[in-house]
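The values are calculated or read from the model by the stated rules, or taken from the named source; none is laboratory data. Everything quoted here is computed from the prediction, not taken from an experiment. Cβ placement follows ideal geometry from the backbone for every residue including glycine, while neighbour counts extend to all protein chains displayed. Please note that ligands, DNA and RNA were not included when accessible areas were found on the heavy atoms of the full protein model with its side chains. Shrake-Rupley method; radii C 1.70, N 1.55, O 1.52, S 1.80 Å.
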Amino acid sequence: MSETYEVPEQVRRGAAGPVRTREEYLDTYHQAQNDPSGYWLQCAKHHLSWRTPPTLGLQGSYHTIAEAPLRWFADGRLNVTESCLDRHLATRGDKVAILWEGDEPGNVRKLTYRELHAEVCRAANALAALGVGVGDRVIIYMGMVPEAAVAMLACARVGAVHSVVFGGFSADSLRDRIIDCGASVVITQDEGRRGGRSIPLKATTDEACDGQSVRAVLVYRHTGTPVQMVEGRDVWWQDVVPSAAATHTAVEVGAEDPLFILYTSGSTGKPKGLVHTSGGYLLWATWTCATTFDLREDDVFACVADIGWITGHSYIVYGPLANGATTLMFESTPLHPDAGRYWDMVQRHRITVFYTAPTAIRALAAHGTEPVQRYDRSSLRVLGTVGEPINPDAWRWYHQVVGEGRCNVVDTWWQTETGGHMITPIAPVTATKPGSATLPLPGVLPKLLDDKDREIVGPGEGRLCIRHPWPGQARTVWGDHERYVQTYFGTFPGLYFTGDGARRDEHGYFWITGRVDDVINVAGHRMGTAEFESALVSTELVAEAAVVPFPHDVKGQGVMAYVVLRGEAPAGLADQLNGVCRTAIGAHARIDRLAVIPGLPKTRSGKVMRRILRKVAEGRSDQLGDVSTLADPSVVQAIIAAAGS
Ligand code: WTA
């Protein structure tokens, strides 16, 4: 018998979300399975505010996806911000919408729904004055300030498509994204703040925009540090937003019109711009936020992710706001000024739902229980995790130490591509097992395939696919529908392939085992091995490179780079190569272990046998399997020696 935790009474009592009991879960699951189109159509009408409610559910299928992207609610018309803001004014105008906690503890700002609405209207008017209109792409390169959420919503208000780029990305990465989506406007700030340090967002923006077709850069003054302003291009947010009119008639768009593009890593060096839609995405963010966390009117909802990732889009901005919740935005890190920071915030803000990544939990657990117990956590009801598999020890620490066994832990499995939660406990409903993402949400139909591409029925482990569309599914890759089709539907025709492996146990519970493709997940940050490799070989020093993950106690996975040099290894090689990755990708792209090797393990046809590199990185050189097909089997000993394992 595996360890199971029933839902604590305090979590079950007073459930208010769309799915409150086990019976409701089963019933909803069957409805959504038997008639997905009709089920979600009815939900869309119920949960969102429309100008013209849709009459159509799903159009298209995985079998026809190459010819025509999926469409949900295609004849519906709306503006996303009316669901997130306007409809709450009458009933929740004075409720706090955004509760912001800055880098220094206690530096707090609160925006009510009325204030947020007015601010979004002003920003929308300012964007319109800069010529931003329907379908235009706007890059948002900001830190965690309320104005970042305002900027996203203002884009949506005028019908523009935003693309948020995480503030840790380098100028090169930012430039690639500006070019790929053809952005004409960038919204940034002078500097970001994080963990007591400043992040030069404007300077990086200048470098990225140099020579590009960006017409305007809107700059929010946050720290007040002097920055260069380019004449005729750069505009201070403070010069144009506060003085703009506080009313704005939202621009109506179609449900299938893109709301945003979000770039994510895949198995090539070029990030993919996944396109999420106004109707389907918003429904999925709204409905999953309400369902998984069992959102209640007096909740203080704290997702401590960054808005540069999908988690921030769906569970800091769109999901909580569409539900009229109070959403916390956190500018700092879990360790600033010390390991008690999260729990200090829980006590001061009476946080009820707390959502973070396993990496943060592992890092905090290493500091012991005292920094947690110093603070009152009695307000907490639901504890969520996302981004990477959570090991049972970290899960138990979260459940017992942080939540004192009174909360339900929801380990939510999903992806940038899925828009919102897919396999996850529903807080008041699902009994949990440490390390398992448990059961699929209604509308999510998982399928496991074995290594012979056969379906696994019942318990077993294989590659995780989804066999039917859901409203929150990304519709395409910006400008490259063929890549979308190839990446997600090319492996198993008729199925969406997630890139993850998973095990299903005898109770139908899912245990995500991690990526089975060339994506590395470091501290919940998704990066492609190919991105590292193309950065490394861009230097004169490196002839060839192969990058693989290895298990890391805190970060989940670490990055190991094998390089073949053109000449002798210079002093400070590791620092130099890390500098190259930082420039090409961003500050979060770090090589943890470097091995200089004489040659990559290649087959006679020139294919790199990554399996060998992975096993050696994992310290399992005794399990290399058959290496006789290598062109030069002697290279294996050299690799093991260089890796020091
Ligand atoms: C991994 C983040 C195990 C997985 C929302 C997925 C997880 C990738 C979990 C997506 C989880 C996310 N358990 N693994 N609860 N949540 N992952 O696009 O490998 O940044 O494919 O979206 O993170 O990362 P992404």
- Cross-link partners among aspartates and glutamates for LYS110, C-alpha distance below 20 Å, same-chain residues fewer than 8 apart left out? ASP86, ASP94, GLU101, GLU119, GLU147, GLU297, ASP298, ASP299, ASP306, GLU331, ASP344
- Item | Inter-label distance, nm, simple model (7 Å from Cα along the C-beta direction), ARG221/ARG197 | 2.7 nm
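Which FRET efficiency, nearest 0.05, do GLU9 and ALA642 yield, Cβ-Cβ r, R0 41 Å?
Working: r = 56 Å, r/R0 = 1.37.
Between GLU9 and ALA642 the formula returns 0.15.
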- Message: Can you work out the Karplus-derived ³J(HN,Hα) for every residue in region 299-311? Use 6.51 cos²θ - 1.76 cosθ + 1.60 with θ = phi - 60°, whole Hz, and x for glycine or proline.
- Response: 5, 10, 9, 10, 9, 9, 6, 10, 5, x, 10, 4, 4
- Amide H contacts of MET329 (H built 1.01 Å from N, under 5 Å, at least 5 apart or other chain): LEU99, TRP100, GLU101
- Message: Using each residue's phi in region 559-571, evaluate 6.51 cos²θ - 1.76 cosθ + 1.60 at θ = phi - 60° and report the 3J(HN,Hα) Karplus result to the nearest Hz, with x for Gly and Pro.
- Response: 10, 10, 10, 9, 10, 10, 8, 7, x, 5, 6, x, 5
- Amide H neighbours of THR513 at under 5 Å, excluding residues fewer than 5 places away on the same chain, with H built from the backbone geometry, are GLY501, ALA502, ARG503
- Query: Can you tell me the accessible area per residue over region 73-226, all protein chains present, probe 1.4 angstrom, in square angstrom?
  - Reply: 31 Å²
- Work from the charge dipole of the chain (Cβ charges, +1 for Lys and Arg, -1 for Asp and Glu, about the Cα centre) and give the residue of ALA118, ALA183, ALA535 farthest towards its positive end. ALA118
- Query: Taking the Cα centre of each part, how many Å lie between region 598-645 and region 425-444?
  - Reply: 40 Å
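For THR491 and GLU67 in the same chain, what is the full-extension length gain: residue separation times 0.36 nm, less their Cα-Cα distance, in nm?
Stretched fully, the THR491-GLU67 segment lengthens by 150.9 nm.
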- Message: Please report the spacing between the Cα centers of region 501-570 and region 172-232 in Å, no decimals.
- Response: 29 Å
- Message: Taking all protein chains in place and a 1.4 Å probe, what share, in percent, of the accessible surface of region 9-497 do carbon and sulfur account for?
- Response: 49 percent
- Task: Please check the chain for the longest run free of trypsin sites (Lys or Arg not before Pro) that are loop-located per DSSP (anything but H, G, I, E, B) and have at most 12 other Cβ atoms within 10 Å.
- Result: 52-451
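Not counting the cut sites, what is the longest span of the chain without GluC sites (Glu not before Pro) that DSSP labels loop and that have at most 12 other Cβ atoms within 10 Å?
On the way: sites that count: GLU3, GLU6, GLU67, GLU231, GLU297, GLU506, GLU540, GLU568.
Answer - 298-505.
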- Query: So if R0 is 60 Å, what FRET efficiency would HIS46 and GLN623 give, r being the distance between their Cβ atoms, rounded to the nearest 0.05?
  - Reply: 0.70
- Item | CD proxy at 222 nm, helix term only [per DSSP H run n ≥ 4: -39500 (n - 2.57); per residue of the chain; nearest 500] | -7500 deg cm²/dmol
